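K.L.:
Mind looking over this structure? Questions follow.
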Amino acid sequence: MAVEMLSYIERKSPIHELTGVTKLICFIIWSSAAMLTYDTRILAFLFIFSIVIFFISKIKLKEISFILIFILVFLLLNNIAIYAFSPQEGVKIYGTSHVLFEIFGRYNVTIEQIFYQINITLKYFTVIPVALLFIATTHPSEFAASMNKIGVSYRISYAVALALRYIPDVQRDFRNIALSQQARGIDMSSKEKLPKRIKNATSIIIPLILSSLEKIDTISNAMELRGFGKNKRRTWYSARPFQKRDYLTLIAFVLLFVISMVVTYYDGDRFYNPFV
Amino acid sequence: MKKPVIEFHNYSFKYNSQVEPTLRDLNFTIYEGEKVLIVGPSGSGKSTIGHCINGLVPFSFKGEVTGSLKILGKEAKSLDIFSLSKMVGTVLQDPDGQFIGLTVGEDIAFALENDCTEQQTMHEIVDEVAKMVEMDGYLSSSIHHLSGGQKQRVSLAGVLVDKVEILLFDEPLANLDPATGKYAIELIERIQKETNTTVVIIEHRLEDVLHCPVDRIIVIDDGRVVADMSPDQLLASEYLEKSYIREPLYVKAAKYAGCEIMEEMKPAHPSTFALDGCRDQLLTWVEAVDIVPSSEKREPILELKDISFSYEPGRKTIHDVSFSIEKGEMVSIVGKNGAGKSTLSKIICGFEKLSSGQILFDGQDITHDTIKERSLRIGLVMQNPNHMISKNMIFDEVALGLVIRGVAEEEVKERVERTLKICGLYPFRNWPISALSFGQKKRVTIASILVLEPEVIILDEPTAGQDLRHYTEIMEFLVELNRQGKTIVMITHDMHLMLEYTPRAIVIEGGRKIADDSSAAILTDSGIIQQANLKETSLFELAKRLEIGEPRRFVERFIACDREVRNIWQ
């Protein structure tokens, strides 16, 4: 069947048992911590911790490999871009310059730059597992409810939840359309030249867009007929009440955030500097 | 006098996007507790009437309204779609598209959530309603994993939570296999009795709806009410025929035999239909049958040998299926939703790789051929034409496959024009596809496969959602292709199509072949009918009541006669 890119994975684990709201708040705290700090020690700790959480969730690496590879490719591009546009960023931040070797002009390789980019990569690595976990362990029906609970308008929450939900549907349609177009001789494989392939792709994308629009039309009518958007607020069938473990998790995460911020800013700088 | 709940008074409606009004000067009233069926051919405006009642017209589909429509005594224009949704519960046609929640429970609760019902109460109501539609064991199941019939029960439950006074069903039988459709009609009947609601059903499959009693039938054609009477009265009249709506087959048979149908004969159900007056006529009519020449054995063109297939390792979807299709044959592959029919067609076209077995074409092994190589011999027309169409103009769409294969421009033009002529689309060749009806689009997709000149054409539900006239048009077109030597395989759950057009049928159930026989033989085998969710045609019931020794002959006689009559419409 089609590759499941990004969807809920049913398991029995302590992570799955937390309410969506807890997971969403924890995810936000976690990302803020990872975004704010450049302290390598904190990042390294968070990274190891995120792997532990991932392990607890019983989600297998294989199940999210597709999206993971996708993100890693972007990470690589990001790293290349940072170096291309700002090869001296590390030197500027850490104030020293240990040149390993010169390339040309201002492009040389310094330990500072490598260290800086390692920190960036580490930031990604701390956020990725938690972000993927949030999506993979939160039942989509609870997803909208949790977003709504932390103050996002329920219309927007529902739109996000529906979009996530339609990914498998659209994938299925895509596959059907692609196959039927292939049967008419439209080659999408690497045997065809790139410009031709791009042109051929339109013959799949147009029917896909049209059939998706058709779907949107049906669903929005169905929602309206059942009173969606009538009141300023709504209740949620699948919202779960907070349990003790939710409070404990939240407290733990807030503490984690405070500690990491204290450690980060202790010396008045976001960066951990091993060079002085 | 009963209380009127829906009152159309000189009501007309024109969509903003259209020049002509879709509904003209409607006048009819539906009373409390009634069960009313609205029938009409495609494009007659019957669905628009449904939209007027539930408020999608004019709140979602904009247009000009004149005249008045009162729902429960209140002018619809003065209400909003939300207050209307509290009075009218709508079960939409598309069983997949209308689900909002992911699980059964969540979807049923959707309307309650929007009303800010407390979670506790919400769970209680959902449990109660789910029990009513017999879905209480499935509350946490994912909707994607349900069968078509179960999906429909969930969408019905979703509107029942509101305690609505009017239940509106828009083509409830579309996409359901025959046995599930029968169950759906029985369910509607039971729910109406339990909840005391007024029921409006919009559907063109008249005979299937009449499986349970209906108080009144309103016939819509070209946006107008052409008849509004009791089923018995309507079946005794000419209105159905004039509007190209398929009459119940047993009534039609009696009419062909020259019997005069009268209201007093209670023709609304085959078991109440009084035959006394016309038994002799029917029997003489059957005797006059010409013996259909049995076709001689031909060369096999497509052979499947022990085909197995699984989507996931360890769970077989198709189990050791073997059959062979002869050159120039017209065959049906039938079975209930999810039995594996469509998977089989994908395997034949190479869309899915089989795990074991062999496919032969003209004696050659094509098991390892690519999709592209197979497409030269076997063409697949998918159920949803919108999944295939990618160009704006009809000519370009049909030419696409040839252009991509690098065929010379002159030849492309010549072949496309020839194909368009065969498909009756030549006059429209420079039209944009968006201007075509659903049935015409379907023909464009058939043309775009036909132009590649495959020897075998596989069609997935070729007539789904078509009224009788378009159904006849498409099928007669396929028969013509078949006469020209094309082998045609149809995947369907339309019993009548199978009986009428394909002498042979292959029945698939649970990924296994359970029968491969003449269509008439299959539809008389109650074991297979039950296993594959098929339905006996009412003609058999009539033949049995007439004590005709060979019901098959009766059916054949009927089909020959019926096709002749309908060919005049072309």
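K.L.:
Quick check on my filter: what residues within the range A:135-181 are of a type in the set (Ser, Thr, Tyr) and more than 21 Å from residue A:232 (Cβ to Cβ)?
P.N.:
Across the range A:135-181, the qualifying residues are A:137, A:138, A:141, A:166, A:180.
K.L.:
Next question, about the same structure. Identify the residue in the range B:434-467 that is farther than 29 Å from residue B:222 by Cβ and part of a loop (DSSP other than H, G, I, E, B) and, among all such residues, is farthest from the other protein chains (Cβ to nearest Cβ).
P.N.:
The selected residue is B:455.
K.L.:
What are the residues in the range B:58-93 that are within 11 Å of chain A (Cβ to nearest Cβ) and either polar (S, T, N, Q) or in contact with a strand residue (DSSP E or B) (Cβ under 8 Å, 6 or more places away or on another chain) (or both), if any?
P.N.:
B:60, B:61, B:83, B:84, B:85, B:88, B:89, B:90, B:91, B:92, B:93
K.L.:
Pick from the range B:254-278 the residues that are in contact with a Phe, Trp or Tyr (Cβ under 9 Å, 6 or more places away or on another chain) and outside any loop (DSSP other than H, G, I, E, B): which of them is surrounded by the most Cβ atoms within 10 Å (Cβ to Cβ)?
P.N.:
Out of the qualifying residues, it is B:254.
K.L.:
If residue A:182 passes every condition in (1) surrounded by fewer than 15 Cβ atoms within 10 Å (Cβ to Cβ); (2) among the polar types (S, T, N, Q); (3) at the interface with chain B (Cβ under 7 Å from one of its Cβ atoms) but one, which one does it miss?
P.N.:
(1)
K.L.:
Spot the failing condition for residue B:137; the list is (1) over 27 Å from the mean Cα position of the chain (by Cα); (2) part of a helix (DSSP H, G or I); (3) touching a residue at least 24 places away in the same chain (Cβ under 8 Å), and only one is missed.
P.N.:
(3)
K.L.:
A follow-up question, please. Can you give me the number of residues within the range A:197-230 that are closer than 30 Å to residue B:164 by Cα and either open to solvent by less than 70 Å² (accessible area, probe 1.4 Å) or at the interface with chain B (Cβ under 7 Å from one of its Cβ atoms) (or both)?
P.N.:
Residues in the range A:197-230 being closer than 30 Å to residue B:164 by Cα and either open to solvent by less than 70 Å² (accessible area, probe 1.4 Å) or at the interface with chain B (Cβ under 7 Å from one of its Cβ atoms) (or both): 15 in total.
K.L.:
Could you check the range A:231-276 and list, in sequence order, the residues that are of a type in the set (Gly, Ala, Ser) and away from every other protein chain (no Cβ under 14 Å)?
P.N.:
A:252, A:260, A:268
K.L.:
Could you check how many residues of the range B:149-158 are open to solvent by 10 Å² or more (accessible area, probe 1.4 Å) and touching a strand residue (DSSP E or B) at 6+ places or on another chain (Cβ under 9 Å)?
P.N.:
Total satisfying the criteria: 1.
K.L.:
Could you tell me which of the residues A:100, A:68, A:43 is assigned by TED's automatic domain parsing to the domain that holds residue A:257 and more than 28 Å from residue A:269 (Cβ to Cβ)?
P.N.:
Residue meeting the stated conditions: A:68.
K.L.:
If you don't mind, there's one more thing I want to ask. Condition first: surrounded by fewer than 21 Cβ atoms within 10 Å (Cβ to Cβ) and not aliphatic (A, V, I, L, M). Now tell me which residues in the range B:160-179 satisfy that.
P.N.:
B:162, B:163, B:165, B:171
K.L.:
If you don't mind, another one. Condition first: facing another protein chain (nearest Cβ under 8 Å) and surrounded by fewer than 20 Cβ atoms within 10 Å (Cβ to Cβ). Now tell me which residues in the range B:95-104 satisfy that.
P.N.:
The one that is facing another protein chain (nearest Cβ under 8 Å) and surrounded by fewer than 20 Cβ atoms within 10 Å (Cβ to Cβ): B:97.
K.L.:
Hey, any hits in the range B:104-119 for a residue that's in contact with a Ser or Thr (Cβ under 9 Å, 6 or more places away or on another chain), at pLDDT below 90 and at positive phi?
P.N.:
So far as the range B:104-119 goes, no, none of its residues is in contact with a Ser or Thr (Cβ under 9 Å, 6 or more places away or on another chain), at pLDDT below 90 and at positive phi.
K.L.:
Follow-up. Just the residues that are surrounded by fewer than 16 Cβ atoms within 10 Å (Cβ to Cβ) and either in contact with a helix residue (DSSP H, G or I) (Cβ under 7 Å, 6 or more places away or on another chain) or without any contact (Cβ under 8 Å) to a residue 12 or more places away in the chain (or both), please, taken from the range A:253-274.
P.N.:
A:254, A:255, A:258, A:259, A:262, A:263, A:265, A:266, A:267, A:268, A:269, A:270
K.L.:
Identify, from the list A:175, A:165, the residue that is facing chain B (nearest Cβ under 10 Å), open to solvent by 20 Å² or more (accessible area, probe 1.4 Å) and within 22 Å of residue B:105 (Cβ to Cβ).
P.N.:
Every option except A:165 fails the conditions.
K.L.:
Can you name the residue in the range B:419-433 that is within 30 Å of residue B:17 (Cβ to Cβ), open to solvent by 50 Å² or more (accessible area, probe 1.4 Å) and not hydroxyl-bearing (Ser, Thr, Tyr) and is also farthest from the other protein chains (Cβ to nearest Cβ) among such residues?
P.N.:
For the range B:419-433, the residue satisfying everything is B:427.
K.L.:
Can you name every one of the strands (runs of 3 or more DSSP E) wholly within the range B:157-253 that holds 2 or more residues which are under 24 Å from residue B:52 (Cβ atoms) and of a type outside the set (A, V, I, L, M)?
P.N.:
By residue number, B:166-170, B:216-221, B:224-229.
K.L.:
I'm told residue A:194 meets every condition in (1) within 8 Å of chain B (Cβ to nearest Cβ); (2) open to solvent by 20 Å² or more (accessible area, probe 1.4 Å) except one. Can you identify the failing condition by its number?
P.N.:
That leaves (1) as the condition not met.
K.L.:
Quick check on my filter: what residues within the range B:25-50 are within 27 Å of the chain's Cα centre (by Cα) and open to solvent by 30 Å² or more (accessible area, probe 1.4 Å)?
P.N.:
B:42, B:43, B:47
K.L.:
Would you say residue B:107 is more than 24 Å from the chain's Cα centre (by Cα), closer than 22 Å to residue A:216 by Cα, more than 7 Å from chain A (Cβ to nearest Cβ) and surrounded by 23 or more Cβ atoms within 10 Å (Cβ to Cβ)?
P.N.:
Spelling it out, residue B:107 is indeed more than 24 Å from the chain's Cα centre (by Cα), closer than 22 Å to residue A:216 by Cα, more than 7 Å from chain A (Cβ to nearest Cβ) and surrounded by 23 or more Cβ atoms within 10 Å (Cβ to Cβ).
K.L.:
Output the number of the condition that residue B:10 fails; it satisfies all remaining conditions of (1) at pLDDT 95 or above; (2) within 19 Å of residue B:166 (Cα to Cα).
P.N.:
Result: residue B:10 fails condition (2) only.
K.L.:
Looking at this structure, is residue B:478 touching a His at 6+ places or on another chain (Cβ under 8 Å) and closer than 28 Å to residue B:41 by Cβ?
P.N.:
Against the criterion (touching a His at 6+ places or on another chain (Cβ under 8 Å) and closer than 28 Å to residue B:41 by Cβ), residue B:478 does not qualify.
K.L.:
When residues of the range B:235-251 are filtered for being open to solvent by less than 30 Å² (accessible area, probe 1.4 Å), touching a residue at least 12 places away in the same chain (Cβ under 8 Å) and closer than 22 Å to residue B:281 by Cα, how many remain?
P.N.:
Number satisfying all stated conditions: 6.
K.L.:
Still on this structure: Can you work out which of the residues in the range B:35-54 that are polar (S, T, N, Q) and assigned to a helix (DSSP H, G or I) is farthest from residue B:222 (Cα to Cα)?
P.N.:
Within the range B:35-54, the match that is farthest from residue B:222 (Cα to Cα) is B:54.
K.L.:
Out of the residues in the range B:116-132 that are facing chain A (nearest Cβ under 9 Å) and surrounded by fewer than 20 Cβ atoms within 10 Å (Cβ to Cβ), state the one that is nearest to residue B:60 (Cα to Cα).
P.N.:
Here the answer is B:116.
K.L.:
Can you find a residue that is over 19 Å from residue A:40 (Cβ atoms) and touching a residue at least 40 places away in the same chain (Cβ under 8 Å) anywhere in the range A:75-89?
P.N.:
No: zero hits.
K.L.:
Restricting attention to the range A:64-118, report how many residues are under 24 Å from residue A:136 (Cα atoms) and open to solvent by less than 60 Å² (accessible area, probe 1.4 Å).
P.N.:
So the answer is 6.
K.L.:
Of the residues A:58, A:12, which single one is open to solvent by 30 Å² or more (accessible area, probe 1.4 Å) and touching a Ser or Thr at 6+ places or on another chain (Cβ under 8 Å)?
P.N.:
Just a single option satisfies the conditions, and that option is A:58.
The values are calculated or read from the model by the stated rules, or taken from the named source; none is laboratory data. Predicted model, so just to flag it, every value in this text is computed and none were measured. Note that each Cβ is placed from the backbone with ideal geometry, even for glycine, and that neighbours are counted across all protein chains shown. Note: areas computed on protein heavy atoms with side chains; ligands, DNA, RNA excluded. Shrake-Rupley method; radii C 1.70, N 1.55, O 1.52, S 1.80 Å.
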